[in-house]
Amino acid sequence: MMYEGGNMLPPGTCENYPANTKAFVHIPKNAGMTIRHSAFLKHKIAVSVAKNCISKEYVDNVMYTMRLLGDHDGLHHARWRDLNEQYREKYQAFAVARNPWDRVVSRFLFAKKVIFIEGKAPKDYADTSSLEAFLEERFKWGNKDYMWHRAIRCWYPAFDHVSDEEGNNRCDIIRFEHLNQDLEKYFNLNKSMTRARNVTGLTKDYKEHYTDKTIQIVADWYKKDIDFWGYDFDSGAKRNYWNTTEEGWRENV
């Protein structure tokens, strides 16, 4: 079995990591590559790998499902609830939350990139003929087990990644829209984070991709995220992010 660890310490049991390590819950298309490849964070975070998952059965099921679909296992996208209890108790988890309208466009453009530019997926992997057509994919993949491990086919709300089975948020939340500022404060960094990795090639404002109809489709589908973080169509998270209660944290943001 292969274990994927990004730039963390060699994979193994959670005793491998220093006590002050933060467990990164990597929600697909939420700045995960920027964080995992940051020179400033590589000794401060652990990325999900097979041995940190809740059970061997879970890992086997993910790998079997993805193999049938011809996909990578994507174990680094495990939700908080998919991680084993020892790992969850020892290391505080954090995740990045992103405006759902922005995130959908990022996934849409990423699908176009891997299908038509990079040729890494067949043309029928997702319907990218328009954003509205892409949104229809939610009915195909939205309730399929383990699709939270995928970027293009993940139609689960981001809140599912950071919550337990009772619906309680268990992760410190960093805002995508203030990524550098939030990460610098969260990790007490003395210098600026590295520039974000734009892996989708997004060049225009996500809002320009939408019509009134598609705005409402996303609003309905991602209601859980919108309600919990207080998103508007054109805003970042307004509540329930890390250190929200400290006025100093909220100055000039």
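Worth a mention:
- Looking across segment 210-239 at every residue that is surrounded by 12 or more Cβ atoms within 10 Å (Cβ to Cβ) and of a type in the set (Lys, Arg), the one that is farthest from Trp101 (Cα to Cα) is identified as Lys238.
- Applying the criterion of being crowded, with 20+ Cβ neighbours inside 10 Å and of a type in the set (Val, Ile, Thr) to the residues of segment 59-90, the residue that is nearest to Ala23 (Cα to Cα) is Val59.
- Segment 155-172 residues that are free of Cβ contacts under 8 Å to residues at least 60 places away in the same chain, paired with ones that are hydrophobic (A, V, I, L, M, F, W, C) and assigned to a helix (DSSP H, G or I) (beta carbon under 8 Å, 6 or more apart): Tyr156/Met147; Tyr156/Trp148
- Figure legend. Inter-residue proximity from segment 124-142: first residues among the small types (Gly, Ala, Ser), second residues not in a loop (DSSP other than H, G, I, E, B), beta-carbon distance below 8 Å, spacing 6+ or different chains. Indicated pairs: Ala126/Ala111; Ala126/Ile115; Ala126/Phe134; Gly142/Trp221.
- Taking segment 7-39 as the range and being within 25 Å of Asn99 (Cα to Cα) and either at pLDDT below 90 or of a type in the set (A, V, I, L, M, F, W, C) (or both) as the test, the residues that pass are Ala23, Phe24, Val25, Ile27, Ala31, Met33, Ile35.
- For beta carbons closer than 7 Å, sequence separation of 6+ or different chains, a first residue in segment 22-42 that is under 21 Å from Tyr156 (Cα atoms) and a second that is β-branched (Val, Ile, Thr) and surrounded by 19 or more Cβ atoms within 10 Å (Cβ to Cβ), the qualifying pairs are Phe24/Ile35; Phe24/Ile45; Phe24/Val47; Val25/Val162; His26/Val47; Ile27/Val96; Asn30/Val96; Ala31/Val96.
- Single unsatisfied condition, Lys56 versus (1) crowded, with 19+ Cβ neighbours inside 10 Å; (2) among the charged types (D, E, K, R); (3) modelled with pLDDT of 95 or more: (1)
- Residue in segment 154-164 that is among the aliphatic types (A, V, I, L, M) and under 24 Å from Thr211 (Cβ atoms) present: yes
The values are calculated or read from the model by the stated rules, or taken from the named source; none is laboratory data. Quick caveat, the model's predicted, so the values are computed rather than measured. Cβ: placed from backbone, ideal geometry, glycine included. Neighbour counts: every protein chain shown.
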